[in-house]
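Only one structure is covered here, and it is reproduced in the block below.
The values are calculated or read from the model by the stated rules, or taken from the named source; none is laboratory data. Predicted model, so just to flag it, every value in this text is computed and none were measured. Positions of Cβ are backbone-derived with ideal geometry, glycine not excepted, and every protein chain shown enters the neighbour counts.
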Amino acid sequence: MALGLAAFSGSAALAAGPTAEQALQLQPIQADVDYQRPAAGEIAQCKIGAEKIGNATGWVVSGPNGERLRVFLDTNDDKKVDQWSYFKDGVEVYRDVDSDFNGKADQYRWLGMAGTRWGVDVDEDGKVDGWKMISAEEVSSELVEAAKTGDVDRFISLIPTQDELKSLGLTGQRAKDIADKVAKSEQAFTAWARTQKAIDNSTKWVHFGATRPGVVPAGTDGVTKDLVVYENAIAMLETGGQHGQIELGTLVRINDAWRLIGVPSGGAGASEVAANPQGSFFSVSYNGGPAAASGNMGIGAEMQELLDQLEKLDQQMAQATSPQQREQIAMQRLEVIKKVIGAANDPEMRENWIKQLADALSGGIQTGELTKGLDQLQSLADQVEKQAPKTDLAAYVRFREMSAAYTQQFNDPKADYAKIQDAWLAKLEGFIDAYPKSADSAEAMMQLAIAHEFAGEEDDAKKWYARIRSDFEGSTLGDKANGAIRRLDAVGKPYVIRGTTLDGKKLDSSAFKGKAVLIQYWATWCEPCVEDMKVIRELQAKYGARGFQPIGVSLDSGEAEVRQFLTANRLPWPQLYQDGGLDSPYALEMGVLTLPTMILIGPDGTVISRGLHISQLDSELGKLIK
């Protein structure tokens, strides 16, 4: 750890100028990072130079072909490096972060094709104490690593904290059962790790196996808000050429991180699987004994070989350098997924892979990666609708086919955009008529509402928002639609925003009565928002003493980015933040759909404007402040 931090943490290091060879000696604090290391004969051809990146300064190390290898930044201008970034094929894959600027890393982020993990190290000892962001797949991989050595602390980082349990909104016996299972997890993991036979030091994590995540809707016994969970998921393993698996049990999504509820069960080799796994939220049972369960999960030699092919193709995709290579690999991957669908014995697993095929086709078409994928996707949608009409699966595939076709048409430089947009809105209405209760219908309604709102057709927009609110009550989109109606009807009505600022102070906008209050919803990734801040700063200097009070509300998905931005760009007005980005409580409360969004509240506490443009602010303040 000392080499990775201390070597570049002093002001002398920044001033003196390290060599590329010295810089390349630094290593990530976390061991499992696949980053580019130049061969010994290439180091002399590497270069290092001081650069300004955004508002930060530091050292950039380039390889023999000019590709980035390392970036070491001073983000708060204290002449000490506080961000160490490592690259592979020119793409950042990992970052050590010193967010409190004390010379020790306290956050670790995997980026690019390396995954989504974002770990927090509270005591700065080089070990992850908790995860701000981690996918279900990565949770299963972390669990395997914890089991290798019986690392209890590594396991504990994967289960919910007490605050996270409270945030789930569970009540009654349901809350007690889940809390008891989590409370007993540490002791249960120790016992399981000591007795399980599936994992040893040579074991490799291969794949995360599950049908699909499910939603436990608000109103279910003991559940007050929608929960997204995996039940009876498995981690597929390879040890000494033999395939095995462990049953992970229940995983629940809490903000940007997935959490384990309890400990794995079983832990045997490939031939031994628990006969009747029971979930924490859904009970799933299989007909027959262990052998039947194994067959139903679709884990056989043929399936394993296909999954291995997918893993190799994913690795090749990460290394592809040209659009032609990427499309060729993507097409190969599609063919393997089709074979997986054919090999899947379990209907739910087969449905899950059909969805993955639809996602792969739709995603590739919309990014331009697949130039010839639309015919395949349309054929898949037609086939599913024929075999399983009016089902959620049919809706899922058809909606992605529609979205991909719309994007492809809209990207045509010769397109008649007005005509395409009209046809798209008509298709959305037709889809809603065909699949009124599907999750994608909520999204279709939201797109219709947004389109009408942006066109100034607010009555039509509110009609769709109201339908989302009633048909999908308790869902995130339902809450967002309810907030959008509140925002559209806000002018002339009182509005108060409350919360705790990022510097720990309680804020209640009603305390600013008698002043003109501007609420700016923003994010670090929103360049117009950042430009608007410059104008707000100027107008605060002009009107602040006479009664102008800005309030910032960050809708970033991660608090660390917000704090880092505010350290580099100190703003003289309070800033609110809650996790969730555009789905955070602040965004949902007023249905904030796009950024920048600004709401102006008059001295009497009522809303003057709920969609103010920055160019209008000076004039409006001139009217309000005498």
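Provide a single number: the residues in the range 181-240 that are assigned to a strand (DSSP E or B), among the charged types (D, E, K, R) and surrounded by fewer than 18 Cβ atoms within 10 Å (Cβ to Cβ). Full working, then the answer.
Taking the range 181-240 first, the residues assigned to a strand (DSSP E or B) are 204-209, 214-216, 223, 227-239.
Subset that is among the charged types (D, E, K, R): 204, 231, 238.
So of that shortlist, the ones also surrounded by fewer than 18 Cβ atoms within 10 Å (Cβ to Cβ) come out as 204, 238.
Adding up the residues that qualify gives 2.
Matching residues to (1) touching a residue at least 40 places away in the same chain (Cβ under 8 Å); (2) in a helix (DSSP H, G or I); (3) in the same structural domain as residue 364 (by TED's automatic domain parsing):
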residue	(1), (2), (3)
396	yes, yes, yes
399	yes, yes, yes
402	no, yes, yes
414	no, no, yes
419	no, yes, yes
433	no, yes, yes
436	no, no, yes
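When you check residue 448 against the structure, is it of a type outside the set (D, E, K, R) and in the same structural domain as residue 604 (by TED's automatic domain parsing), yes or no? Don't jump to the end; show me each part of the working.
Values: of a type outside the set (D, E, K, R): yes; in the same structural domain as residue 604 (by TED's automatic domain parsing): no.
Considered against the rule, which asks whether it is of a type outside the set (D, E, K, R) and in the same structural domain as residue 604 (by TED's automatic domain parsing), residue 448 comes out as no.
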Which is buried (at least 21 other Cβ atoms within 10 Å of the Cβ) and at pLDDT below 60, of 252, 263, 273?
273
Given the condition loosely packed, with under 14 Cβ neighbours inside 10 Å, in contact with a Gly (Cβ under 8 Å, 6 or more places away or on another chain), outside the structural domain of residue 228 (by TED's automatic domain parsing) and not in a helix (DSSP H, G or I), answer yes or no: does some residue in the range 551-560 qualify?
no
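Can you work out which of the residues in the range 511-542 that are among the polar types (S, T, N, Q) and under 16 Å from residue 572 (Cβ atoms) is surrounded by the fewest Cβ atoms within 10 Å (Cβ to Cβ)? Before the answer, list the steps.
Here is the first cut: in the range 511-542, the residues among the polar types (S, T, N, Q) are 520, 524, 540.
Now restrict to residues that are under 16 Å from residue 572 (Cβ atoms): 520, 540.
Details: 520: 25, 540: 18.
Selected residue: 540.
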Tabulated pairs, the range 108-121, first closer than 12 Å to residue 135 by Cα, second among the acidic types (Asp, Glu) and surrounded by 22 or more Cβ atoms within 10 Å (Cβ to Cβ), C-beta under 9 angstrom, 6+ apart or interchain:
117/142
Of those in the range 568-580 that are surrounded by 17 or more Cβ atoms within 10 Å (Cβ to Cβ) and either modelled with pLDDT under 90 or aliphatic (A, V, I, L, M) (or both), the residue nearest to residue 504 (Cα to Cα) is 576
Quick test of your reading of the structure: residue 77 fulfils all but one of (1) farther than 18 Å from residue 17 by Cα; (2) in a loop (DSSP other than H, G, I, E, B). Name the failing condition by number.
(1)
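Before we move on, is residue 592 among the β-branched types (Val, Ile, Thr), within 16 Å of residue 520 (Cβ to Cβ), modelled with pLDDT of 95 or more and part of a loop (DSSP other than H, G, I, E, B)?
When the stated conditions are applied, residue 592 passes them.
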Check residue 349 against each of (1) under 30 Å from residue 88 (Cα atoms); (2) touching a helix residue (DSSP H, G or I) at 6+ places or on another chain (Cβ under 9 Å) and name the one condition it does not meet.
(1)
Flag if residue 493 is in contact with a strand residue (DSSP E or B) (Cβ under 8 Å, 6 or more places away or on another chain) and not assigned by TED's automatic domain parsing to the domain that holds residue 596:
yes
Residue tally, condition farther than 15 Å from residue 560 by Cα, within 21 Å of the chain's Cα centre (by Cα) and buried (at least 21 other Cβ atoms within 10 Å of the Cβ), over the range 88-127:
2
